[in-house]
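Heads up, the thing below is written out as structure tokens.
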Amino acid sequence: MLKLFRNKIRDFVVAKIINKSKRKKSLMTLTSAKVIGILFNADDTQDILKVKSLVKYLLSKNIETHVLGF
């Protein structure tokens, strides 16, 4: 009973926090982006080479790029 009550309170608080944080969502093209994050699977060497060339291209366009391969 106490556990159910705690879960209800937790759900209420989490829902309230989520509702407060309103994000501005919009569609953006690569040419209008200032910062780009790339997350990719780094198991294959071909994928790494493709991402490297993409990062070079984005940096040449003065777009800040964050890359994470796992």
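Just to verify a result, which residue in segment 11-46, among those that are in a loop (DSSP other than H, G, I, E, B) and basic (Lys, Arg), is nearest to Ser60 (Cα to Cα)?
Of all residues in segment 11-46, those in a loop (DSSP other than H, G, I, E, B) come to 21-34, 41-44.
Within this subset, residues satisfying the condition of being basic (Lys, Arg) are 22-25, 34.
Numbers: Lys22: 33, Arg23: 29, Lys24: 28, Lys25: 26, Lys34: 12 Å.
Applying the filter and picking the extreme gives Lys34.
What about Phe40, is it in contact with a strand residue (DSSP E or B) (Cβ under 6 Å, 6 or more places away or on another chain) and of a type in the set (Phe, Trp, Tyr)? Steps first, please.
On the way: in contact with a strand residue (DSSP E or B) (Cβ under 6 Å, 6 or more places away or on another chain): yes; of a type in the set (Phe, Trp, Tyr): yes.
It is true that Phe40 is in contact with a strand residue (DSSP E or B) (Cβ under 6 Å, 6 or more places away or on another chain) and of a type in the set (Phe, Trp, Tyr).
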*Take Leu68 and decide whether it is open to solvent by 100 Å² or more (accessible area, probe 1.4 Å) and part of a strand (DSSP E or B).*
yes
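Within the group Lys34, Lys50, Lys3, which residue is over 22 Å from the mean Cα position of the chain (by Cα) and open to solvent by 100 Å² or more (accessible area, probe 1.4 Å)? Walk me through how you get there before you give the answer.
Working: Lys34 fails: over 22 Å from the mean Cα position of the chain (by Cα); Lys50 fails: over 22 Å from the mean Cα position of the chain (by Cα).
Unique residue meeting the criteria: Lys3.
The values are calculated or read from the model by the stated rules, or taken from the named source; none is laboratory data. All of these numbers come straight from a predicted model, not from anything done at the bench. Virtual Cβ from ideal backbone geometry, glycine too; neighbours counted across all protein chains shown. For accessibility, only protein heavy atoms count, side chains too; no ligands or nucleic acids. Shrake-Rupley method; radii C 1.70, N 1.55, O 1.52, S 1.80 Å.
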